[in-house]
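These notes concern the structure reproduced below.
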2 protein chains.
Amino acid sequence: MKIGLDIMGGDYAPEANVSGAIAAHQLLSPGEHIVLIGDTHQIKPLLSEKGFNPDHFEYVHTEEVIGMGEHPTRAISQKPNSSISVGFNLLKQGKLDSFASAGNSGAMMVGAVFSVKTVPGIIRPCLCTIVPKLAGGMGLMLDVGANADCKPDVLVQFGIVGSLYAENVMHISNPKVGLINIGEEDEKGNMLSLATFPLMKDCSQFNFIGNIEGRDLFNEKADVIVCDGFTGNIMLKLAESFYIMTIKKGLKDEFFDRFNYENYGGSPVLGVNAPVIIGHGISSPTAVKNMILQSRDMITTGLVEKIQAAFK
Amino acid sequence: MKIGLDIMGGDYAPEANVSGAIAAHQLLSPGEHIVLIGDTHQIKPLLSEKGFNPDHFEYVHTEEVIGMGEHPTRAISQKPNSSISVGFNLLKQGKLDSFASAGNSGAMMVGAVFSVKTVPGIIRPCLCTIVPKLAGGMGLMLDVGANADCKPDVLVQFGIVGSLYAENVMHISNPKVGLINIGEEDEKGNMLSLATFPLMKDCSQFNFIGNIEGRDLFNEKADVIVCDGFTGNIMLKLAESFYIMTIKKGLKDEFFDRFNYENYGGSPVLGVNAPVIIGHGISSPTAVKNMILQSRDMITTGLVEKIQAAFK
């Protein structure tokens, strides 16, 4: 198994990425290899500084980097030797089994769709985020920004792929799928949610529990929270601002601790033909370590194959 | 001045409403009269229990009540003698200068539009909520649920009425108006926000500061936060769930204290031809007291007349 990691992506790259890879290495089984993609002239001294045997990793040397502010499509096409472009190229060729980066999210989405392509039958791949639940455990929210405008059938597909991720990677049995809405009643909603509700109700591919509200993000009502990418992105950023507020105010609490994105790795891209994970721009070594473990779990559970089978 | 209050609406009615009216009475100036609309057989014993001189209030006796779960349009038309229907009828006739209720929100919206009507030129009246700002002071978010689907010109109008409310009732000079979006850059967004952005940029009736994100709800970027009612409702309920979480966890903090909706009264309905306030279903005496003071402020500042003038 080859787990690809972009060493150049993220605000704290390459140091945080290298440290994360070292931490992950200790937790991987034999046969689970990390492939570092980036400027080896920068990586190697960091490894020796940390006294880490460089033979534990594989390397792909790249010299270009896609910056955080670059235009995704332009960057991917104009920087074929960037760590992100090279990573996706290796993923496409089957030389990697997964690819993760904390770099330019847009370029990661574009790279995923351009290289390994969308799973046949999937209308729009999406981006997920893991959310902590008050009573313990985790939930999954999707889409959180890849698709600002969604049609009802796209939301139904988010329910299918989200349910598969929750069941296989998060080990939630028969995950409860809820549709974000402005009321719990069946007839509540905007045009999109009103049109989506009956389609979800009729869908036999997941356990639809009905509409949920903004206040239900952290409770036990749903394990998989489906919404369009506009709504999901705004909810995610609002929730993050609360977490940051509690940190700044020094409010210690077990639940708020679990809010820390570092513990979950990154945001999986679902609906493309390989495991792809997009990390937070500010990914720390812990976040990078967890992105690698999350990549490993997406590979070993055969999530992509299960998604492909669901849309056959 | 006659400030109308529905004594029968809300989960803790009529006790909380009567107590709130008594508390408000102490703070009103001579000439600012509270008119209690509801079952006087229930109101009068409560007043004497509390040792309050009933002559301080005016009364309109009603015998029907619209329940929280009733269908708004049906309830308004089928219960003409309910406190909400009677209140709006008096408002329409000019026998009240404002009307506030913590009862069925849908019936309040429908009643407002049916009775005093939408301000000429306004496409859709909307519902606002007051949000605390981290650095102190308050902001206004609209729409928070009256209009699940909005067109770009409707959002522009929310900017105008929101700005007028912030300036006149909240005393914020030249309020900064932000459009909720998934990125700060001009070209970010879903179809609605992309179409709205240039219209807001060109609008000379408010101080548009551009796109803001989910994380900006509580910071200083914008005083008036404009979004469609679907997004606003979900943000509001998510924010409320955080507030409730901090209460349950016993996390004391000055900012979280200011989250308490009780301090702000209720949600003003903007874009109808009279001041109308919809209270939270769980309105306490403090919340009711503040709804009354908020009603008074909407009357004395001539907010409705200013909105009418802006759309002439």
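Any read-out appearing in this document is the output of simple, stated calculations on the displayed coordinates, not a laboratory observation. These numbers come from a predicted model, not from an experiment. Here the Cβ is made from the backbone with ideal geometry for all residues, glycine too, and neighbour counts use every protein chain on show.
Side notes on the structure shown:
- Sequence-distant aspartates and glutamates (8 or more away, or on other chains) whose Cα lies within less than 18 Å of A:K248: A:E240, A:D257, A:E262, B:D216, B:E220, B:D253, B:E254, B:D257
- Three semi-axes describe the equivalent ellipsoid of segment B:123-265; taken as square roots of 5 times the Cα gyration tensor eigenvalues and ordered largest first, they are 25, 16, 14 Å.
- Under a model in which nothing but the beta-carbon of Lys, Arg (+1) and Asp, Glu (-1) is charged, segment A:123-263 shows a dipole of about 340 debye around its Cα centre.
- For chain B, modelled as a GNM whose springs connect Cα atoms under 10 angstrom apart, the maximal fluctuation among B:G162, B:G111, B:G136 occurs at B:G136.
- Estimated [θ] at 222 nm from DSSP helical runs (n ≥ 4, -39500 (n - 2.57)) normalised by residues in chain A, nearest 500: -12500 deg cm²/dmol
- For a label point 7 Å along the Cα-to-beta-carbon line of B:K117, residues of segment B:281-312 with backbone N under 20 Å: B:303-312
- If R0 is 51 Å, the Cβ-Cβ spacing of A:T73 and B:K306 corresponds to a FRET efficiency of close to 0.65.
- Dipole of chain B, positive direction: furthest Cα of B:G189, B:A107, B:G94, with charges on the beta-carbon: B:G94
- Among the listed pairs B:K92/B:K133; A:K133/B:K237; A:K95/A:K306, those beyond 25 Å (Cα-Cα): B:K92/B:K133
- Principal axis dimensions, the protein assembly as shown - Cα atoms, whole angstrom, descending: 89, 47, 42
- Averaged over residues, the count of other Cβ atoms within 10 Å places the peptides A:243-253, A:149-159 in the sequence A:149-159, A:243-253, highest first.
- Per-bin percent of Cα-Cα distances, segment B:258-305 [5 Å]: 5, 25, 30, 22, 13, 5, 0
- Applying 1/(1 + (r/R0)^6) with R0 = 56 Å to the Cβ-Cβ distance of A:L28 and A:E185 gives a FRET efficiency near 0.70.
- Cα centre as origin, Lys/Arg/Asp/Glu Cβ charges: chain A dipole, Debye: 260
- Rg to Rh quotient for segment B:217-289, alpha carbon positions, Kirkwood Rh: 0.98
- Average beta-carbon neighbours from other chains, 10 Å sphere, peptide A:224-231: 3
- Distant-in-sequence amide H partners of A:G210 (H built 1.01 Å from N, under 5 Å): A:L179
- Available extension along the chain between A:N219 and A:H56 is 54.5 nm, counting 0.36 nm per residue and deducting the alpha carbon span.
- Distance distribution P(r), chain A, all Cα-Cα pairs, bin width 20 angstrom from 0: 35, 57, 8, 0 percent.
- Computed FRET value (nearest 0.05) for A:H41 with B:F255, which takes r as the C-beta separation and R₀ as 56 Å: 0.75
- Between helix B:152-168 and chain B: long-axis angle, C-alpha atoms, 0 to 90°, nearest 10: 60
- When its C-alpha radius of gyration is set against 2.2 N^0.38 Å (N residues), segment B:1-107 gives a value of 1.01.
- Once the Kirkwood radius over Cα pairs is known for segment A:220-261, the Stokes-Einstein relation at 4 °C and 1.567 mPa s delivers a diffusion coefficient of 112 µm²/s.
- Bridge type composition, chain B - antiparallel percent by DSSP, nearest 5: 30
- Between the amide H of A:M138 and those of A:K133, distances stay under 5 Å, these residues lying 5 or more places away or on another chain, with hydrogens modeled in the peptide plane.
- This model, with +1 at the C-beta of Lys and Arg and -1 at the C-beta of Asp and Glu, gives the protein assembly as shown a dipole about its Cα centre of some 280 debye.
- Residues whose amide H falls under 5 Å from that of A:A100, counting only those 5 or more places apart or on a different chain, are A:G4, A:L5, A:D6, A:I277, with hydrogens built in the peptide plane.
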